[in-house]
Amino acid sequence: MRVAVIVVWRPKNYPEWSGRGTQLAKRIPGPLTNDGGAAPYVGIHIASLLPHDWEITLVHEMVRDADPDMDVEAVFISTMDFCAPRARDLARAFRARGVKVIVGGLYPTINPGYFADSADSVVIGEAEGVMPRLIEDLKSGDLSPVYQAEAYSDLSDLPVPRYDLVETDFKVTMPYEATRGCPFTCSFCVLSAIRVPYRRRPIPNVLRDIQNIPQGWGWRQRKYLIFWDNNLGADRRYFRDLCEALVPMKRIWGTETSIDTVTPESARLMGKSGCRFVYIGLESLSQESLSNSNKRQNKVDEFKRRLGYLHDNGVMVMSIFLLGLDGDTPEYIERLPEMIHDIGVDVPVISFAAPIEGTTFYNDLKNANRLLPGDILGGMDGMHLLYKPLNISPDELEMALVQCMQRLYSPGFVARRVARRLNTGFWGGLSNATANIFYAAFQRSLAGAGLDRMRNRGPWPGHGY
C-alpha cells in the first residue's frame, strides 16, 4: 500500500494556515525558515508502526508542503492546535480524491470533533495500541470513525524509528525518545489536558535507536542527538543511568527537563555525557504567577543557583518566559529582561501564554469570560494575545511583549550573553553566539510582525476594561 505520513507542525514559511494573513514570513530571513534543524519524533515513529512492505512517504511541513495530489492510497496526519486548520484543509483535499485520511496527535485527541467531516478516522490518544486494528481495517477498506486508545502505551519494545525517511532539509540532528509524559500538571500545559503519565523506555533500546542512523546521513546527524522528551530528567535514577550509558558513545546532545531535576551531580553527568544544550521551562520569574499555574516544581529563588550548575559543566540553557500570567504586573514585565540576564539564561524566548483547549488555564479563562474575541485556534502560536490579563490591559501587554523581545535581543543584551560564555571554550562560545544570533533574528521578526498587527487592528475593544 502507498501511504504518506504528514506532520503538520509550523508549516514552512508560516503560510496562512489559519485563514488569516501574516506578515511574519516576510520578516524572517530565508535561511531561518529553510533549514529544518531537527525533525520532530512523531513522524518517524508513526512510520515505524506501519507494515515494512508498504511504500511510505514522510512529509514534515516544517520544511516542505504536502502535495494533495501525491500518489497515495492513505495519509496519516499529525497536528497541533494552531496548525489544525491547515491539517483539516489538507485532510479535505486528500479525501476529495478518494484517499483515506487518518488524523491524530495532540489536538485531535483533545477535540476529535474538529475533524469529523474531514477525516475518515480520528485517533484519540497514543497510536501504538490502536495501530494493529487500524491497519487491518485500512487494508479491508472498513475504517472506523474513531480509534481510541484504551490504555497508555507500553514503551518497552518500540520499533526503531524510520530515520531513513527523514528529509535531508533537516541539517543538524535526529530526534530520539527515551521517556514520555511528565509527572507535573502545569495549568497551561497541553499534557495536563490529556493526562499523559510518565514512562521510561529501556536504555538499551534507546542506545539501539541512536546506533541506527542510516550511513548516508552526514556527520552532524550522526554526532548530534536531541531527545524529543517532555521531561527527560524527571526520574533521576533513570536519567543518571542514561547519562552514564551515553558517555562511551561520545555524542553531543540536548533535551528538555524541569529545573528541579538540576543538581550538581545531574549537571556533572550531563556535561560528562555530552549534553551541551537543555531547554528548561522556567515560564516566569514571578513566584505568584508560577503558583497560580500549578508549576510547583519551579522555585524562583533557586533558578540562578541551578542554572549555574549547568553552566559549570558546559551546558547552554534555553528557556521560555510567558507574559500575561495572573501574577504579572507592568513593573514585573519592565524588569524582566534584566532579571532573565541575571539568572543566567543563555537563550531566552518570550511568548504569551496560550489557552489550550482542555487545560485548566483555558477552562478558568472561559468560565471567567476572559477570552478575547477573534481566531482563538489560529492564534495559538504564542504570539497572539487571546485573553484579558488581570493586572494590565491587553494593549499594554501586547506592547510590553514587543518591547521585551526587542530589549532581550538588542545588540547590547546579545553581546552580554555571548561574552559571559566565552570561557566555555571555542565550541561552547560558538554555539552560544549562533543560538543568540538565530533567535535575535527570529524574536525581532516576531516583534515587528506584532507591531504591524497592532497598527492594523487598532486598540482592543473595551480598552481599560
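The values are calculated or read from the model by the stated rules, or taken from the named source; none is laboratory data. Just so we're clear, the structure is a prediction, and the values are computed from it rather than from any experiment. Here the Cβ positions follow ideal geometry from the backbone for every residue, glycine too, while neighbour counts run over all protein chains shown.
Points worth noting:
- So R407, is it of a type in the set (K, R) and crowded, with 17+ Cβ neighbours inside 10 Å: yes
- In the set R453, R417, only one residue is out of contact with any helix residue (DSSP H, G or I) (no Cβ under 7 Å at 6 or more places or on another chain), of a type in the set (K, R) and crowded, with 16+ Cβ neighbours inside 10 Å; that residue is R453.
- Residue within the stretch 104-115 that is in contact with a strand residue (DSSP E or B) (Cβ under 9 Å, 6 or more places away or on another chain), surrounded by fewer than 20 Cβ atoms within 10 Å (Cβ to Cβ), touching a residue at least 12 places away in the same chain (Cβ under 8 Å) and among the hydroxyl-bearing types (S, T, Y) present: no
- Of all residues in the stretch 327-340, none that is in the same structural domain as S393 (by TED's automatic domain parsing) and under 13 Å from Q287 (Cβ atoms) has its Cβ atom under 7 Å from the Cβ atom of a residue that is of a type in the set (F, W, Y) and modelled with pLDDT of 95 or more, 6 or more apart or on another chain.
- Considering residues of the stretch 142-187 that are assigned to a helix (DSSP H, G or I) and either in contact with a strand residue (DSSP E or B) (Cβ under 8 Å, 6 or more places away or on another chain) or among the small types (G, A, S) (or both) only, the residue surrounded by the most Cβ atoms within 10 Å (Cβ to Cβ): Y163
- When S273, S289, S266 are screened for being surrounded by 22 or more Cβ atoms within 10 Å (Cβ to Cβ) and of a type outside the set (D, E, K, R), only S289 passes.
- Residues that are modelled with pLDDT under 95 and either closer than 21 Å to M383 by Cα or part of a loop (DSSP other than H, G, I, E, B) (or both) occur in the stretch 1-8; there is at least one.
- Helices (runs of 4 or more DSSP H) completely within the stretch 318-431 that count 3 or more residues being over 23 Å from L307 (Cα atoms), of a type outside the set (A, V, I, L, M, F, W, C) and modelled with pLDDT of 90 or more: 360-367, 394-408
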